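A.B. asks: Quick one: the structure is below, and I'll ask about it shortly.
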Amino acid sequence: MNKLLLRVDKLSTWVGHLFSWLIVGLTLLISWEVFSRYVLDHPHAWAFDAMIQMYGTLFMMAGAYTLSKNGHVRGDVLYGFFQPRTQATLDLILYIVFFLPGVFALTYAGYSYAGDSWRILEHSSITADGPPLYYFKSVIPLAGAFLLLQGVVEIVRCVICIRQGAWPSREEDVEEVDVDKLKEMVHVKDEDIAKLDEIVTRQGTAP
């Protein structure tokens, strides 16, 4: 069972990594548009729409990835003090009561919106010559489907944790930098940093 859960984690991770490249594309597009607008005096009417669609796609398609890494926002102030079984029970209730109905509604409604948009070949009305919207709206049910799949995996994890008393493993990925571990690796102490700050401050105030 855990192998199956990890396979879905890997799928969500792969999708998240794939669409994360939109950050590069978005950065290049914004940089080019700023240069084109203010240096070449040649702005593009479609650029703003394209930026919104790229960021929106990135945001939606990162949902399943973030869920697979247990990275969505929660009240950790209280949640962190609970035992794993209590955490799993609380998560299971919230997944069933709020997550499943909400994501199912998102996927179903998104499918209808995307279908209507394709039927009329909808274009953006923000600008006079707006780009197509039907590609962008197709992302809504796609993102919802991935999120729903990952949500089912998280529900299974809750059940396993309630039975075994410990959370099953997850697919590993990049993590935030642990400052304390980094200090240990480079053999730096807080006293050394304080002394360095003091030296820099003295040099900055010296005439």
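Each reported figure results from applying straightforward, stated rules to the coordinates on display, with no laboratory input. Since the model is a prediction, treat every value here as computed from it, not as a measurement. FYI the Cβ positions are ideal-geometry reconstructions off the backbone, even for glycines, and counts take in every protein chain you see.
A.B. asks: If you average 1/r over all unlike Cα pairs in the chain and invert the result, what Kirkwood radius do you get in angstrom? If you can, show how the numbers build up before the last one.
C.D. replies: Working: mean 1/r = 0.0476 Å⁻¹.
Answer for the chain: a Kirkwood hydrodynamic radius of 21.0 Å.
A.B. asks: Now for a different question. From Cα coordinates alone, what are the radius of gyration and Dmax values for the stretch 1-111 in angstrom?
C.D. replies: 19.5, 61
A.B. asks: Net charge around LEU133, counting only other residues with Cβ within less than 9 Å of its Cβ (Lys, Arg = +1; Asp, Glu = -1)? Write down the numbers at each step before the final one.
C.D. replies: Values: positive: LYS137; negative: ASP49, GLU122.
Once positives and negatives cancel, what remains is -1.
A.B. asks: Mind checking the alpha-carbon convex hull of the stretch 65-115 and giving the volume per residue in Å³? Let's see the in-between values first.
C.D. replies: Numbers: hull volume 4.4 nm³, N = 51.
Output value, Cα hull per residue: 87 Å³.
A.B. asks: Can I ask one more? P(r) tail for the stretch 3-48, what percent of Cα pairs lie past 13 Å?
C.D. replies: Details: 675 of 1035 pairs.
When all Cα pairs of the stretch 3-48 are counted, 65 percent exceed 13 Å.
A.B. asks: Further, regarding this structure: If you average the C-alpha positions of the stretch 131-168 and of the stretch 91-107 separately, how far apart do those two centres end up, in angstrom?
C.D. replies: Their Cα centres are 10 Å away from one another.
A.B. asks: Now for a separate question. Given 0.36 nm per residue, what is the gain on full extension from ARG74 to PHE59 after removing their alpha carbon distance, in nm? Mind dumping the intermediate values first?
C.D. replies: Details: separation 15, 0.36 × 15 = 5.40 nm, distance 1.82 nm.
Stretched fully, the ARG74-PHE59 segment lengthens by 3.6 nm.
A.B. asks: Follow-up. For the chain, what relative contact order do you get, as a whole percent, if you take Cα pairs closer than 8 Å and at least 6 residues apart? Display every interim value, and only then the final one.
C.D. replies: Numbers: 181 pairs, mean separation 56.2, N = 207.
Worked out over the chain, it gives 27 percent.
A.B. asks: I'd like the per residue volume of the convex hull spanned by the Cα atoms of the stretch 62-157, given in cubic angstrom. Don't skip to the answer; put the middle values down first.
C.D. replies: Working: hull volume 10.4 nm³, N = 96.
Once divided by residue count, the hull of the stretch 62-157 is 108 Å³.
A.B. asks: Take each of the peptides 138-148, 121-131, 101-111, average the number of other beta-carbon atoms within 10 Å over its residues, and list them starting from the highest. Present the calculation step by step, with values, prior to reporting the outcome.
C.D. replies: Details: 138-148: 20.6, 121-131: 13.4, 101-111: 15.5.
Going by the mean number of other Cβ atoms within 10 Å, highest first, we get 138-148, 101-111, 121-131.
A.B. asks: When the helix-only estimate is applied to the chain (DSSP H runs of n ≥ 4, each -39,500 (n - 2.57), divided by the residue count), what is the mean residue ellipticity at 222 nm, nearest 500 deg cm²/dmol? Write out the running numbers ahead of the final one.
C.D. replies: Details: 10 runs with 148 residues, N = 207.
Helix-only estimate at 222 nm: -23500 deg cm²/dmol.
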